1. Where in the chain are the DSSP H helices whose C-alpha atoms run 15 Å or more along the long axis and whose mean Kyte hydropathy is at least -1.0?
2. Run the simple label-point estimate for Tyr133 and Thr22 please: 7 Å along Cα→C-beta, distance reported in nm.
3. I'm a student and want to see the number: the projected area of the Cα convex hull of region 1-139, averaged over all directions, in nm².
4. Treating cross-link reach as a plain straight distance, find the aspartates and glutamates whose alpha-carbon is under 16 Å from the alpha-carbon of Lys47, omitting any fewer than eight places away in the same chain.
5. For the chain, what is the relative contact order in percent, using Cα pairs closer than 8 Å and at least 6 residues apart in sequence?
6. Please compute the contact order of region 111-183 in relative form: average sequence separation of alpha-carbon pairs under 8 Å and at least six residues apart, divided by the residue count, as a percent.
7. With 5 Å bins from zero, work out the P(r) of region 155-212 over every alpha carbon pair and list the percent per bin.
8. At 0.36 nm per residue, minus the direct Cα-Cα distance, what do Lys214 and Glu123 gain on full extension? Give it in nm, one decimal, please.
Amino acid sequence: MSTIFPKWTNALPTLLAGGGVTGLAIVVGTIWYTFTPKFWDVGYMPKQPGGGFNHQIHAGKLGLDCRYCHTNVEVSPEANIPSVATCYGCHADGRLTKLATSEDHKAKTAFVREAYASDEPIEWRRIHKLPDYVRNFPHHSHVAAGVSCISCHGNIARQPEVWQHEPLSMGWCLECHRNPDPHLQPKDKVTRLFDIEDRQQQLGLAGLASAGAKFYEERKIHAPENCGACHY
């Protein structure tokens with residue numbers, strides 16, 4: 001009596017099971033990697049008015065301190081953006097420096113003078129934004145602890161246009177709170193990003209952790225890990 005199915009079909013259950021497991025692993029791996037802030041949010045760089053605020057020129061070449069524009073960062077949870085009057089203080093027609101008198105520069109910064117003349121705000125597009133259910137990221141507490149801007153934003157003084165440097169996810173925040181030592185800097189260097197960069201290269205991760213451990217004790221820092229620290 002002849003068989004109904006050829007002999008090779010005996011291997012089908014094993015092949016199907018193997019294919020199912022492999023397919024499931026691919027699906028889980030894809031979701032695990034792509035459905036995250038690290039995949040979707042890092043690199044976010046929206047189009048800004050006037051081509052954007054060039055931190056590479058202002059904070060890098062001209063050496064403006066972060067606090068010149070973000071005036072409340074040491075006293076408020078919010079890192080406020082500057083008012084139009086702050087921008088106009090440098091970009092009024094009669095105040096342009098010799099380095100910024102070209103027609104191209106005047107055209108690029110015309111939106112500042114137009115906004116000032118019409119008493120309207122500049123509609124900058126926000127880049128770093130936490131979900132509403134988190135809400136609580138106190139900039140002043142982190143700056144007071146000695147966490148440099150570079151830990152969250154990268155060396156923004158090297159960015160012609162600002163982009164999101166870190167995922168700002170809960171896992172990323174907890175990773176820092178569980179091991180904050182490498183991120184703690186001398187308080188007088190928190191906004192001096194090139195100095196921080198040099199310090200990172202000179203000390204390396206082990207050196208930063210060792211120095212940061214001393215800062216942690218001296219400053220009596222308590223980096224919370226409980227849910228209520230951020231979700232309330």
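1. Values: long enough: 12-34 (32 Å, 1.38); 193-218 (25 Å, -0.28).
TM-like helix candidates: 12-34, 193-218.
2. Each label point lies 7 Å from its Cα, and together they span 3.7 nm.
3. Numbers: hull surface 65.3 nm².
Taking a quarter of the hull surface, the average projection is 16.3 nm².
4. Answer for Lys47, where 16 Å is the Cα cut-off: Glu123, Glu161, listed by chain and number.
5. Values: 243 pairs, mean separation 57.1, N = 232.
Reported relative contact order: 25 percent.
6. Working: 24 pairs, mean separation 19.7, N = 73.
Reported relative contact order: 27 percent.
7. With a bin width of 5 Å, the distribution comes to 4, 16, 20, 24, 24, 10, 1.
8. Working: separation 91, 0.36 × 91 = 32.76 nm, distance 4.25 nm.
Net length gain for the segment: 28.5 nm.
Any read-out appearing in this document is the output of simple, stated calculations on the displayed coordinates, not a laboratory observation. These figures come from a predicted structure and were not determined experimentally. Every residue, glycine as well, gets a Cβ built from its backbone with ideal geometry; the counts of neighbours run over all protein chains shown.
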